[in-house]
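Everything below concerns the one structure shown next.
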Amino acid sequence: MYWPVDPDTLRAAKINGIGMLDKTLIGKSFPPLTVDVDKWQLKFFAKAVGEENPIYFDEQTAVAEGYRSILAPPTYGVTLGCAVPDPFARAKAVGLDATKILHTAQSFEYFEPICGGDQITLVATITDVFEKRRGAFKFMVEETVATNQLGQLTTRFRQTVVERT
Amino acid sequence: MKEVFFDQIATGEQLPSLTKPPITRTTLAYFCGASNDHNPVHIDSDFARAAGADDVFVHGMLDMAYMGQLLTGWVPQSAILSFGVKFGAIVYVGDTITCHGEVVDKTEQGGVYSFKLKLRAVDQNGESKLTGEAQVRVSPPRVSAGRTLNNQ
């Protein structure tokens, strides 16, 4: 289960319920998630966004360009991070209502490429939880570090979501 | 893709813009499966209306993927150092997104030449939907350190 290891944290989240933000989760990292980068899904993603560059769906082109396999597009880290039964588990843990969440900001820093066949380990840390307009807007910021099977840092990305009441 | 040189572009210049086809329900269904974002507000009109929206709306990450294509259509993906956006307004099914980029700063640090880009995506009415920034590496100036194009 993709969830904080600390049982006290889990209990706090339950006691707080919806409506109260659990600031004690700021700075908490979550158990690592290891995901296989599926080539079929990369090709499907390329089709879904209307990608025309064969580096994203043709093995030969990607290898000729020096990649291990077809290349994951720049925003693909978020897709890997969603490869869990409940992508909203962390938001729920801090007390956000998952049915009212909107994604407000997303950023990436890039290091090594992510390619088909890679195995990526993601570690997410909640970096901030705060409110605006007297609680009408509740925000959570999290940062995820994605490392490949060679131990190389591939990307670090930051996501901000808001619950609008 | 043409190589982009540091000396070729001036601050204030625009990247070639990218207009994507209108976003259909089919687009959203594909992106739901492909992106692992299975939130029904993006694919199920009944659910979206029950949740208070007029209709299904577009995954923010689809808009960001389009903006990524503006960048990777201009420089190789490996040249993107950082890329960030803010999702300013909801994009609805049927909207047509156009992505724009502008060079706002040019930097040389330790032999690495890069541009800071200001990014903006608008719908068919010109309404701003997404804003952002990226830092991209570019090729060194063609004329530098006493070398000219002719003797390179």
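Do you know which residues across segment B:87-128 are farther than 23 Å from A:V162 by Cα, among the small types (G, A, S) and in a loop (DSSP other than H, G, I, E, B)?
Within segment B:87-128, B:G94, B:G110, B:G111, B:G126 meet the criteria.
Scan segment B:49-73 residue by residue and report those that are over 21 Å from A:T160 (Cα atoms), in contact with a strand residue (DSSP E or B) (Cβ under 7 Å, 6 or more places away or on another chain) and within 11 Å of chain A (Cβ to nearest Cβ).
B:Q69, B:L70, B:L71, B:G73
I'm told B:P40 meets every condition in (1) in contact with a Phe, Trp or Tyr (Cβ under 9 Å, 6 or more places away or on another chain); (2) buried (at least 18 other Cβ atoms within 10 Å of the Cβ); (3) not aliphatic (A, V, I, L, M) except one. Can you identify the failing condition by its number?
Condition (2) is where B:P40 drops out.
Kindly provide the set of residues from segment A:43-71 that are touching a Leu at 6+ places or on another chain (Cβ under 9 Å), aliphatic (A, V, I, L, M) and more than 9 Å from chain B (Cβ to nearest Cβ), ordered by number.
A:A62, A:I70
In segment A:46-99, how many residues are of a type outside the set (V, I, T) and in a helix (DSSP H, G or I)?
At the first step, the residues of segment A:46-99 found to be of a type outside the set (V, I, T) are A:46-48, A:50-54, A:56-60, A:62, A:64-69, A:71-74, A:76-77, A:80-83, A:85-93, A:95-98.
Still in the list and also in a helix (DSSP H, G or I): A:46-48, A:54, A:56, A:59-60, A:62, A:64, A:76-77, A:80-81, A:89-93, A:98.
Of the residues in that region, 19 qualify.
Suppose the filter is outside any helix (DSSP H, G or I) and not aromatic (F, W, Y); does B:D54 pass it?
On the way: outside any helix (DSSP H, G or I): yes; not aromatic (F, W, Y): yes.
When the stated conditions are applied, B:D54 passes them.
What's the total number of residues in segment A:92-116 that are more than 7 Å from chain B (Cβ to nearest Cβ) and surrounded by fewer than 19 Cβ atoms within 10 Å (Cβ to Cβ)?
7
Looking only at segment B:12-31, how many residues end up being of a type in the set (K, R) and more than 9 Å from chain A (Cβ to nearest Cβ)? Lay out the reasoning, then the answer.
Filtering segment B:12-31 down to residues of a type in the set (K, R) leaves B:20, B:25.
The next check asks that each one be more than 9 Å from chain A (Cβ to nearest Cβ); those that pass are B:25.
Within segment B:12-31, residues that are of a type in the set (K, R) and more than 9 Å from chain A (Cβ to nearest Cβ) number 1.
Could you count how many residues in segment B:18-34 are under 17 Å from B:I90 (Cβ atoms), of a type outside the set (V, I, T) and assigned to a helix (DSSP H, G or I)?
Going through segment B:18-34, the residues under 17 Å from B:I90 (Cβ atoms) turn out to be B:20, B:22-25, B:27-28, B:31-32.
From the residues that got through so far, the ones that are of a type outside the set (V, I, T) too are B:20, B:22, B:25, B:28, B:31-32.
Filter once more, so that each one left must be assigned to a helix (DSSP H, G or I): B:25, B:28, B:31-32.
Within segment B:18-34, residues that are under 17 Å from B:I90 (Cβ atoms), of a type outside the set (V, I, T) and assigned to a helix (DSSP H, G or I) number 4.
Laboratory data are not the source of any read-out in this text; all were calculated from the coordinates shown. Quantities reported herein were computed from a predicted structural model and do not represent experimental measurements. Every residue, glycine among them, receives a Cβ derived from its backbone with ideal geometry; neighbour counts consider all protein chains shown.
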